[in-house]
Amino acid sequence: MTSKMKVTFLGTTSGGGPTETRNCSSLVLDALGNGCLWMFDCAEGTIRQFAQQPGNNYDYNRLRVSRLTKIFITHMHADHTMGLITVLRNVLGIPRNFSHSHDANAPSPARIHKAPAVEVYGPAGIRAFVRTIFNLTHTRSDRHYCVHELLMSSETSSASCDAEALHNNEEAGRDIVADEQGFWKDLFEERMSSGGSRATVDAGPIVHRGMSLAVVLLCSTLSCLYIRSLHWLRD
């Protein structure tokens with residue numbers, strides 16, 4: 001059994017901002033053809049691109065943000081990151097049995113460890129970015145996330161993963177230091193439960209007015225590549 005890789009462009013414009021028919025940078029990939037989505041960059045308005053898709057909620061080909069399991073941020077420019085928080089909030093869902101307290105001295109709810117529903121990979125700074133905004137906006141969710149930072153040998157992580165530093169819905173991520181050649185090899189490998197398809201992910205540095213990441217995806221036993229664009233979406 002072989003699988004079909006699907007790539008959907010949610011936006012391709014540059015830092016000048018969205019146009020009438022194109023959003024800023026983001027694409028999603030169904031790497032193994034099993035419906036689990038990986039996102040590459042997440043500009044402002046990305047969550048609206050999901051909502052504006054043609055068809056109805058019962059359409060098999062419709063992208064569902066709830067199926068996101070991996071998010072890769074190539075660099076920290078605003079046109080690649082500013083939609084990340086709203087996408088994460090939608091993926092992670094509304095918390096159950098959560099009540100807001102106006103007592104500043106009230107204890108935080110007991111921390112419960114859960115397997116992360118979505119993992120974020122990105123350069124130094126991405127962990128502090130997500131955690132700071134989640135804390136400042138009093139964000140709570142039903143499911144958990146984690147953030148892995150890809151670091152050059154001269155860099156340190158932007159935020160600790162000690163238990164007391166984590167957001168209440170955050171699981172500890174990895175600080176992944178580049179090898180002697182400056183690459184991050186075998187970040188992870190995923191396989192389909194049936195059919196034998198597998199995907200391995202590597203990364204390397206590129207220059208783009210600062211530190212940027214190139215993500216390399218190696219897939220096996222894929223029958224074809226299906227590409228579509230949502231550029232036609234507009235206000």
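Note on Ala163/Lys4: beta-carbon distance plugged into 1/(1 + (r/R0)^6) with R0 of 25 Å gives a FRET efficiency of 0.05. Fully extending the segment from Arg62 to Arg191 would add 44.2 nm, taking 0.36 nm per residue of separation and subtracting the current Cα-Cα distance.
Per-residue 3J(HN,Hα) values for region 122-134, derived from phi via the Karplus relation 6.51 cos²θ - 1.76 cosθ + 1.60 with θ = phi - 60°, read x, x, 3, x, 5, 5, 5, 4, 5, 5, 4, 5, 4 Hz in sequence order (x marks Gly and Pro). Extending 7 Å from Cα along the Cβ direction at Glu180 and again at Thr132 yields two label points whose distance is 3.6 nm.
Between the amide H of Cys24 and those of Thr13, distances stay under 5 Å, these residues lying 5 or more places away or on another chain, with hydrogens modeled in the peptide plane.
Just so you know, all these numbers are worked out from the coordinates, no wet-lab data involved. Since the structure is predicted, the reported quantities are computational estimates derived from the model, not experimental observations. No Cβ is skipped: glycine too gets one built from the backbone with ideal geometry, and neighbour counts run over all protein chains shown.
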